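The values are calculated or read from the model by the stated rules, or taken from the named source; none is laboratory data. Computed from a predicted structure; not experimentally measured. Backbone-built Cβ (ideal geometry, glycine too); neighbour counts: all protein chains shown.
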Amino acid sequence: MQVNDTNKEFRPLIVAFCCNWCSYAGADLAGSSRLSYPADVKIIRVPCSCRVNPMFILRAFQRGADGVIIAGCHPGDCHYTSGNYFARRRMTLLFSMLDYLGIERERTRVEWISAAEGAKFSATMNEFAETISRLGENRRLEDLRCKE
Amino acid sequence: MQRINDDVLNKCRDLIENGTCDRVLAWEEGEFCYDVTPAVFTGDTLGKMIYDDFCAANQSKYLIDESHKEGRIAALLKPCDTYSFNQLLKENRIKRENVYVLGVPCDGKIDAEKARGLGIKGILGAEIDGDTVAFETIYGKKTCSKKDVLHEKCLSCKGKKHMIFDELTDPEKEPETAVPENGTSRFDGVSKLENMTAEERFRFWRGELSRCIRCNACRNVCPACSCRQCVFDNPASGVSSKANTNDFEENLYHIIRAFHVAGRCTDCGECTRVCPENIPLHLLNRKFIKDINELYGEYQAGYDTALDAPLTSYTKQDAEPGIVHERGVR
Ligand code: SF4
Ligand code: SF4
């Protein structure tokens, strides 16, 4: 694992896939409650956490993301009844595979954040951004063609 | 050396003559005795049909197209091919009524490349005899131990029992249950990698995957990779070009390919067999199989079509993705 101590200026690029019904609304609530989270987190709204294709995650890394987080409704609360249960299995297997390939396991994460959990949204993103800053730039899944 | 058992050949001839089928899916000899290719035979060409210890290809995939043609085809399927056949049936890719499955026995298949590595060159023929293999070469007869020249997929065979068939050519050879060749050691390679540090794993895979030339052979041969259009065939998606600058393209391709076949891979071992760069692709697929077994209960695609597939089902008690982070930090 590479730990980036020297580059204090490093700002990570974090992609957060947030489900429309819970986590995206959670982000809204965080905003309207004036809770802050790092600007390094770029939110992409998806209809459901199970809309997140593994390809989206890898493409985010390819195009320069340093961390990817998927946020969805708590298990049992899915707007479509069962989407997040499927997502849970898929993401577990995908993360395990990334780990198996030697990609730092902290770079990916799944969190369940409801529309009422603005505080959890803000705390999670702050904490995730801090973890990624500590890990430094994503070098193991980068694609030089996509970098400036 | 005889390239097909008379009983099998006569059986196929009978099936055509009595109208059960109008063609047979088997193998055809190429330029050398060991480069055999799957081929379809009709009554007139049956004489060219072969099935011997070199015929390793998994035939099931060809039945997707063949079963949608007119008439009925007889297919010579080895035990491992029947897993893939079952899986394709489950996915509604094969028209069952148009296929007559002729289960053929298998003693493992010979990898001519491995034999050459042992110094056995100029191969004219070979036959498995118990634990040894007898080669006929331009330099005379040679023998070697069977386990040294079998394909990787045969060394980790799931068992010699056919999962599905209409008729067996050698019912006496058929075992009661599927007994894996080497017990549970099918996952040894995966465990070995899991026990390395992340840094070591990363270097291992970079070393392997960076050799990939993106010939797509692993995908094209795979019975699970039978989509009419593959994500990697769409030039507009920007994911189909080979990058010389780094290995990301190969990483992405292989992670996504393994993911797309997760829970559907029958571990037929074809991907590893055909890779011209000898990349151990089975280590990726078996990782998913092992994880599925550990997290969601034992499951082998192709074993029983009635079981729920692990990625299209769930339980409320499933582990959280964070389990990956908790499972022993290395
Ligand atoms: S991924 Fe490899 S082992 Fe699995 S079904 Fe496809 S070719 Fe066979
Ligand atoms: S068969 Fe081997 S070289 Fe060809 S695309 Fe697959 S892994 Fe790459």
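Structural remarks
- Among the residues of region B:1-34, just one is over 23 Å from B:SER60 (Cβ atoms) and aliphatic (A, V, I, L, M), namely B:MET1.
- Residue in region B:243-261 that is farthest from B:ASN285 (Cα to Cα), counting only those that are within 15 Å of ligand 2 (Cβ to nearest atom) and modelled with pLDDT under 65: B:ASN244
- A single entry from A:PHE86, A:PHE56 fulfils the requirement of being out of contact with any helix residue (DSSP H, G or I) (no Cβ under 8 Å at 6 or more places or on another chain) and either within 14 Å of chain B (Cβ to nearest Cβ) or among the hydrophobic types (A, V, I, L, M, F, W, C) (or both): A:PHE56.
- Search result, residues across region B:60-113 that are closer than 21 Å to B:CYS154 by Cα and part of a loop (DSSP other than H, G, I, E, B): B:SER60, B:LYS61, B:LYS78, B:VAL104, B:PRO105, B:CYS106, B:ASP107, B:GLY108, B:LYS109, B:ASP111
- Restricting attention to region B:293-326, the residues that are of a type in the set (A, V, I, L, M), crowded, with 22+ Cβ neighbours inside 10 Å and at the interface with another protein chain (Cβ under 7 Å from one of its Cβ atoms) total 1.
- Selection count where residues are in a loop (DSSP other than H, G, I, E, B) and either more than 13 Å from ligand 2 (Cβ to nearest atom) or surrounded by fewer than 20 Cβ atoms within 10 Å (Cβ to Cβ) (or both), scope region B:262-274: 7
- Sole residue being out of contact with any strand residue (DSSP E or B) (no Cβ under 9 Å at 6 or more places or on another chain) and either in the same structural domain as B:GLN300 (by TED's automatic domain parsing) or under 21 Å from B:LEU281 (Cβ atoms) (or both), chosen from B:GLU152, B:GLU176: B:GLU152
- Residues being within 19 Å of B:PHE202 (Cα to Cα), among the charged types (D, E, K, R) and part of a helix (DSSP H, G or I) - total across region A:91-121: 4
- Every residue from region B:209-223 that is more than 15 Å from ligand 1 (Cβ to nearest atom) and not hydrophobic (A, V, I, L, M, F, W, C): B:SER210, B:ARG211, B:ARG214
- Region A:105-139: number of residues that are without any contact (Cβ under 8 Å) to a residue 12 or more places away in the chain and small (Gly, Ala, Ser): 1
- Residue in region A:112-119 that is touching a strand residue (DSSP E or B) at 6+ places or on another chain (Cβ under 7 Å), closer than 16 Å to A:CYS19 by Cβ and within 7 Å of chain B (Cβ to nearest Cβ) present: no
- All positions within region B:270-320 that are on the phi > 0 side of the Ramachandran plot and either among the acidic types (Asp, Glu) or touching a Ser or Thr at 6+ places or on another chain (Cβ under 7 Å) (or both): B:GLY302
- Residue within region A:122-143 that is of a type outside the set (A, V, I, L, M, F, W, C), part of a helix (DSSP H, G or I) and within 7 Å of chain B (Cβ to nearest Cβ) present: no
- Residue within region B:129-151 that is surrounded by 15 or more Cβ atoms within 10 Å (Cβ to Cβ), more than 19 Å from the chain's Cα centre (by Cα) and touching a residue at least 60 places away in the same chain (Cβ under 8 Å) present: yes
Okay, residues lined up against (1) farther than 20 Å from B:VAL8 by Cα; (2) touching an Asp or Glu at 6+ places or on another chain (Cβ under 9 Å); (3) touching a residue at least 24 places away in the same chain (Cβ under 8 Å):
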{"residue": "B:LYS48", "(1), (2), (3)": "no, yes, no"}
{"residue": "B:TYR51", "(1), (2), (3)": "no, no, yes"}
{"residue": "B:ASN58", "(1), (2), (3)": "no, yes, yes"}
{"residue": "B:ILE64", "(1), (2), (3)": "yes, no, yes"}
{"residue": "B:ILE73", "(1), (2), (3)": "no, yes, yes"}
{"residue": "B:LYS78", "(1), (2), (3)": "no, no, yes"}
{"residue": "B:LEU89", "(1), (2), (3)": "yes, no, yes"}
{"residue": "B:GLY103", "(1), (2), (3)": "no, yes, yes"}
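- Boolean, B:ASP111 is away from chain A (no Cβ under 14 Å) and within 16 Å of ligand 2 (Cβ to nearest atom): yes
- Filtering B:SER240, B:SER226, B:SER210 for residues that are in contact with a helix residue (DSSP H, G or I) (Cβ under 6 Å, 6 or more places away or on another chain), within 12 Å of ligand 2 (Cβ to nearest atom) and either acidic (Asp, Glu) or modelled with pLDDT under 95 (or both) leaves a single hit, B:SER240.
Listed here are the residues, each with its yes/no results for (1) away from chain A (no Cβ under 11 Å); (2) assigned to a helix (DSSP H, G or I); (3) away from ligand 2 (no atom under 16 Å from the Cβ); (4) exposed (fewer than 13 other Cβ atoms within 10 Å of the Cβ).
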{"residue": "B:LYS160", "(1), (2), (3), (4)": "yes, no, yes, no"}
{"residue": "B:MET163", "(1), (2), (3), (4)": "yes, no, yes, no"}
{"residue": "B:GLU181", "(1), (2), (3), (4)": "yes, no, yes, no"}
{"residue": "B:MET196", "(1), (2), (3), (4)": "no, no, yes, no"}
{"residue": "B:ARG203", "(1), (2), (3), (4)": "no, yes, yes, no"}
{"residue": "B:ARG206", "(1), (2), (3), (4)": "no, yes, no, no"}
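- Elements of type strands (runs of 3 or more DSSP E) in region A:1-88, at least 1 residues being surrounded by fewer than 23 Cβ atoms within 10 Å (Cβ to Cβ): A:14-19, A:41-46
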